[in-house]
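Here the structure is laid out as structure tokens; the discussion comes afterwards.
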Amino acid sequence: MIYPANIEQKIDFTVIRDELNRRCSSSLGKERVEAMQMETDFEEVSYRLHVTDQMRLAETDPMLTFPRGDIHDMREAVARIRIEGLFLDEAELDDLRHSLSYAVDLEHFFAGLDENKYPLLRQLATANNQLPIIVRSIDAVLDRYGQLSDHASPELARIRREITNLQGSVGRTLASILRQAKADGFVEADAAPTLREGRLVIPVSPAFKRKVGGIVHDESATGKTVYIEPQQVVDANNHIRELEGAERRERVRILTAVTDGLRPNTDAILASQEMLGEVDFLRAKVSLAQTLHAIRPELVNEPLLEWSDARHPVLWLHYTPQGKTVVPLSIRLNKDTNRMLVISGPNAGGKSVCLKTVALLQYMMQCGLLVPVAEQSRAGLFDRMMIDIGDEQSIQDELSTYSSHLRNMRAFVRQADERTLILIDEMGTGTEPLIGGALAEAILRELVSKHVFGVITTHYTNLKHFAEQTKGVVNGAMLYDRAAMRPLFQLSIGQAGSSFAIEIARQTGLGEDIIAYATELVGEEHIDYDKQLQDIARDKRYWEKKRQSIRLKEKELESKIADYEERMAGVKAEKKEILEKARQQAEDLLQQSNATIERTIREIKEAKADKEKTKAARKKVESLKEKVESKKPRVESQEPKGTKVLRDFRDLKALTKGGGLSEQPQQSHTSAVVHSRTMKFERTLDLRGYRADEALEKLIAYMDDALMVGAGEVTILHGTGTGALKQLTRDYLNDLNRQRRKRGKIALEFGDGDVNHGGAGLTIVKL
């Protein structure tokens, strides 16, 4: 339900409808534009938004070529087809051929789309196999210019061939007669054959008409020329006339036969018309969306309004060609905290524009149109939209400005509920301020008790106080640069605005005596209060920015701490692994050393107390012992008693006869960690399916690892979707590059992937 009936005019939706009509190429699409209205069914609105968004993606997909063609409204012609004996002429058949050919191209295009990416577009195809057959049947009788072809039938070809031959003969005969008449002086020297009543004649002076001989068909307006068909060509022209009649009869026969062949397929033709009309309508919506940089917001099945960086579409269409910018608006209405927003601020500060932006975007969205907002925006559905904007005074209806406002308020109070969005511009104006303000507060109180959603603009101080003190109602201010004395057209939620009436009056050049007297009447306290309110708001914005900066720093610090702890855990694990490996190698070394000692003892025994050999063996054992002891490392106390670790494995081969261990220097602690991370590192990071905060954490950790291991080139997979993950990725990489430049390091190179391997759905980073 909408209130009042002319709501579209009041919120400028008529401009949007006109823009859509202008972008449609057929009456089929324009009819859908005119039939478009605000929907309240969640499934219907969701379908309209999704199918429009899929059409937008299909038209901008570099891997797809969207078909182009002509669309003609053939419904009237199809209605005639259903009647026996009637037929379509060549022009109608040609229009039908072009429309059906485009429909066939669209059928093939939609059928070939990715079912997971474009499921709703695939459903647009009627999958009717009769359309190509119909097109071929029309091609068989019409040439490329839309005229009946000579090959439409053998009889038509024969008739046209005979007509051509006879016309050639008549032309030659007339040329001969005309040459002789010129030689005799019966006709002018520049005279030429012409047509009169479909017959070839020659212009002759009336004085010589009997000299030429033949049938007089016409004379000039001045009477100085008569047009004679010479007797020599009368019979031939009569025959041509007879053949032309036969041609017309054959033409009717052919067209009737073709039309009879179309009659059983009228339902298929009408189905193709429905598809063509829907495609025309969708392409018009996409064209407007591309102009407005509009997107599909997240839709929820409850009353909700969360616009981020919303722009007024009509202002965008008007300002952009002039090089002007539209100040974006961010607003949040929900059932838990902020159901009602009371906006105050200076005149010409943007209050009404803010209100109309909310109304227009919500109306557009519930009509199935994409809206110019940021990607993180969310929106719900309202069953009713009721507005009070502008002056509805009427002499005929004996309505004053205030009476019309009260009539609207009565409707709001009676009909509004928790699924209603109301929009009231300058609530309570039009009567004595004290009474008007009191009634406005009473009405607002009643609407709040009904849990109505709404946006209200006002200058009344009591309404600002009411918003500050009432749960579910929040103040909003249109900001004003007091130093430059100009409005900023920015909405700040959570504070009341000031009218800046005194400052604006002074800027306009109003006399200081008048301003001083007005200030005296109001009281300095009120003026000071107003200024203090703005100072508080300014300080609030400053400290809010500071708090936000601190939160970001804290989040960054927490991330770095978590990353440090993770790295330390990895280092400890690597350390434990290295020590364990060293212990095992030490045990192996001791076993080899014991084996060497045992072999030495056997040699001593086998030498049978030979002093020289025994002395040499003992010297060998002592030397081995000294070398082993000199290589023994300092290890933690938890090492098993008697375990001996050798740090320098290069000496091991020299100490053991068999040379059982390879020559390998011990890696440093840091290089071991890097090696381990390099072995585990994957060159592709998939962020799809994660929330923004989760994705950012994974991205930061991943890039740290990539830089540490020297990955060279990595791929970040974020998909296309709404583009939020892609923007997050690019923003972080840009920030990382700024940090690297500050430290004197080379910036990273990044961009979209190859169009054949993901394209804009992934980002390639060269390290």
Next on the checklist: Exactly one of these conditions fails for Thr325: (1) under 15 Å from the mean Cα position of the chain (by Cα); (2) free of Cβ contacts under 8 Å to residues at least 12 places away in the same chain. Give me its number.
Outcome noted: (1)
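Would you point out which residue out of Glu278, Glu302, Glu274 is assigned to a loop (DSSP other than H, G, I, E, B) and either surrounded by fewer than 21 Cβ atoms within 10 Å (Cβ to Cβ) or acidic (Asp, Glu) (or both)? I'd like the intermediate steps shown before the answer.
Working: Glu278 fails: assigned to a loop (DSSP other than H, G, I, E, B); Glu274 fails: assigned to a loop (DSSP other than H, G, I, E, B).
Being assigned to a loop (DSSP other than H, G, I, E, B) and either surrounded by fewer than 21 Cβ atoms within 10 Å (Cβ to Cβ) or acidic (Asp, Glu) (or both) holds for just one of Glu278, Glu302, Glu274, which is Glu302.
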Next on the checklist: Being surrounded by 17 or more Cβ atoms within 10 Å (Cβ to Cβ) and assigned to a helix (DSSP H, G or I) is the filter here; which residues of the range 407-426 pass it?
Outcome noted: Asn408, Met409, Phe412
Next on the checklist: Checking the structure you have, find out if any residue of the range 346-359 is under 28 Å from the mean Cα position of the chain (by Cα) and hydroxyl-bearing (Ser, Thr, Tyr).
Outcome noted: yes
Item to check | Members of the range 467-478 found to be assigned to a helix (DSSP H, G or I) and surrounded by fewer than 22 Cβ atoms within 10 Å (Cβ to Cβ), listed by number | outcome: Glu468, Gln469
Next on the checklist: On the basis of being at pLDDT 90 or above and farther than 17 Å from Tyr363 by Cα, does Gly245 make the cut?
Outcome noted: yes
Checklist outcome for this item: Flagged in the range 336-352 as at pLDDT 90 or above and assigned to a loop (DSSP other than H, G, I, E, B), in numbering order, are Arg339
Checklist entry - Looking only at the range 91-106, which residues are surrounded by 19 or more Cβ atoms within 10 Å (Cβ to Cβ) and touching a residue at least 40 places away in the same chain (Cβ under 8 Å)? => result Leu93, Asp94, Leu96, Arg97, Ser99, Leu100, Tyr102, Ala103, Leu106
Checklist entry - Taking the range 127-175, which residues are of a type in the set (Val, Ile, Thr), within 25 Å of Gln273 (Cα to Cα) and buried (at least 17 other Cβ atoms within 10 Å of the Cβ)? => result Ile134, Val135, Ile138, Val141
Item to check | Residue among Leu355, Leu333 that alone is in contact with a Phe, Trp or Tyr (Cβ under 6 Å, 6 or more places away or on another chain) and modelled with pLDDT of 85 or more | outcome: Leu333
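What number of residues within the range 244-280 are more than 30 Å from Cys24 (Cβ to Cβ), among the aliphatic types (A, V, I, L, M) and touching a helix residue (DSSP H, G or I) at 6+ places or on another chain (Cβ under 9 Å)?
Number of matching residues: 3.
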Checklist outcome for this item: Only one of (1) modelled with pLDDT under 90; (2) crowded, with 23+ Cβ neighbours inside 10 Å does not apply to Gly390, and that is (2)
Checklist entry - Hey, Met365 hits all of (1) touching a Leu at 6+ places or on another chain (Cβ under 9 Å); (2) at pLDDT below 95 but one; which does it fall short on? => result (2)
Checklist entry - Has the range 706-721 got at least one residue that is in a helix (DSSP H, G or I), at pLDDT 80 or above, over 23 Å from the mean Cα position of the chain (by Cα) and of a type in the set (Gly, Ala, Ser)? => result yes
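Can you name the helices (runs of 4 or more DSSP H) wholly within the range 1-87 that have at least 2 residues being within 30 Å of Asn116 (Cα to Cα), aliphatic (A, V, I, L, M) and not assigned by TED's automatic domain parsing to the domain that holds Leu361? I'd like the intermediate steps shown before the answer.
Numbers: elements: 7-10, 13-23, 27-35, 42-60, 75-81.
It comes to 27-35, 42-60.
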Checklist entry - Out of (1) more than 30 Å from His50 (Cβ to Cβ); (2) touching a Lys or Arg at 6+ places or on another chain (Cβ under 8 Å); (3) of a type outside the set (Lys, Arg), the odd one out for Gly744 is which? => result (2)
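The values are calculated or read from the model by the stated rules, or taken from the named source; none is laboratory data. Because the structure is a prediction, the values reported are computed rather than measured. In this analysis, Cβ positions are derived from the backbone assuming ideal geometry, glycine residues included, and neighbour counts consider all displayed protein chains.
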